[in-house]
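Just below is one structure, and these are the notes that go with it.
The values are calculated or read from the model by the stated rules, or taken from the named source; none is laboratory data. Predicted model only: the values in this text are computed from it and were never measured. We place every Cβ from the backbone using ideal geometry, glycine too, and count neighbours over all the protein chains shown.
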Amino acid sequence: MSEEKKKAWHGIAREEIPWFPTVDAEACIGCQLCYVTCGRGVYEMRDGVAVATDPMECAVGCSTCGNICPTNALSFPTLEAVWKLEREKQIFKTVKKEALRKHEREDTQKAREAAQKAVARLPTRAKVEVAGEFGDKHFLVRIEELITDQPFDVVNLKLEVPTVKGARQKAPSYMSFEVTSEQQEDVTPFLEKVRALVHDAGLILVAVSPLG
Ligand code: SF4
Ligand code: SF4
């Protein structure tokens, strides 16, 4: 924002607006409440007294420091002067445009946050559990083929075989593995391919659980 634009108040040059605090140095007890309260750096403390060294930084219409000063040492012009300027300079045309831009910014921000939440909800990792007889089905080879040239990987693969002899006799075993996205993308479409593969291999899909 240009310095000139920053100093304008809804299209009126800030210097044209007589709104700023005046300190009654006799009444000021140097408590520094105004100095620490004003977020616009209007005050400095000099010789134990508040001095409004940057009065045009005061927010038009604000009188917070004046309201809380314990000795009522701060005064402001009357609001009538501000209202008169609002009318004379027809600031509400500018205000309307500013409001429109603010609505647009807020809508954009809300849309961005909604999109970020939606992306955050997408599962980028899922656990797959499969049961059945794996012996001569070349299941691992088929899984490997499935992920070849895909932005997905299979990790933490575990095969639980009841007994070696049992496996030879084609007793059912249990396998679990995790499907992960290398680019933090939604793994849901890829899981459909895994489901189809399990089905084609004559195995039982025990569970598919998103892991976040
Ligand atoms: S709040 Fe009032 S008394 Fe305290 S420093 Fe400011 S002007 Fe002085
Ligand atoms: S009225 Fe508000 S903006 Fe102005 S000097 Fe006081 S606290 Fe700061």
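Scanning segment 68-94 for residues that are at pLDDT 95 or above and either under 37 Å from the mean Cα position of the chain (by Cα) or of a type in the set (A, V, I, L, M) (or both) yields Ile68, Ala73, Leu74.
Number of residues in segment 28-61 that are away from ligand 1 (no atom under 13 Å from the Cβ) and either on the phi > 0 side of the Ramachandran plot or in contact (Cβ under 8 Å) with a residue 24 or more places away in the chain (or both) equals 6.
Reported count of residues in segment 64-77, each being within 12 Å of ligand 1 (Cβ to nearest atom), within 21 Å of Lys7 (Cβ to Cβ) and not hydrophobic (A, V, I, L, M, F, W, C), is 1.
Answer with yes or no whether Val82 is in contact with a strand residue (DSSP E or B) (Cβ under 6 Å, 6 or more places away or on another chain) and in contact (Cβ under 8 Å) with a residue 24 or more places away in the chain. Against the criterion (in contact with a strand residue (DSSP E or B) (Cβ under 6 Å, 6 or more places away or on another chain) and in contact (Cβ under 8 Å) with a residue 24 or more places away in the chain), Val82 does not qualify. Among the residues making up segment 130-142, none is of a type in the set (Val, Ile, Thr), out of contact with any helix residue (DSSP H, G or I) (no Cβ under 7 Å at 6 or more places or on another chain) and surrounded by 13 or more Cβ atoms within 10 Å (Cβ to Cβ).
Yes or no: segment 82-99 includes at least one residue that is within 16 Å of ligand 2 (Cβ to nearest atom) and surrounded by 12 or more Cβ atoms within 10 Å (Cβ to Cβ). Explain how you work it out, then say what you get.
The initial filter retains those residues of segment 82-99 that are within 16 Å of ligand 2 (Cβ to nearest atom), namely 82.
Narrowing the set further to residues that are surrounded by 12 or more Cβ atoms within 10 Å (Cβ to Cβ) leaves 82.
Yes, segment 82-99 contains a residue that is within 16 Å of ligand 2 (Cβ to nearest atom) and surrounded by 12 or more Cβ atoms within 10 Å (Cβ to Cβ).
Figure legend. Inter-residue proximity from segment 1-13: first residues surrounded by 10 or more Cβ atoms within 10 Å (Cβ to Cβ), second residues in a loop (DSSP other than H, G, I, E, B) and at pLDDT below 85, beta-carbon distance below 7 Å, spacing 6+ or different chains. Indicated pairs: Ala13/Lys7. Restricting segment 34-44 to residues that are surrounded by fewer than 16 Cβ atoms within 10 Å (Cβ to Cβ) and more than 9 Å from ligand 2 (Cβ to nearest atom) leaves a set whose member that is farthest from the chain's Cα centre (by Cα) is Glu44. What pairs can you find where one residue is in segment 185-212 and touching a residue at least 60 places away in the same chain (Cβ under 8 Å), the other is in a helix (DSSP H, G or I) and among the aromatic types (Phe, Trp, Tyr), and their Cβ atoms are less than 6 Å apart, with a gap of 6+ or different chains? Every condition considered, the pairs that remain are Ala201/Phe139.
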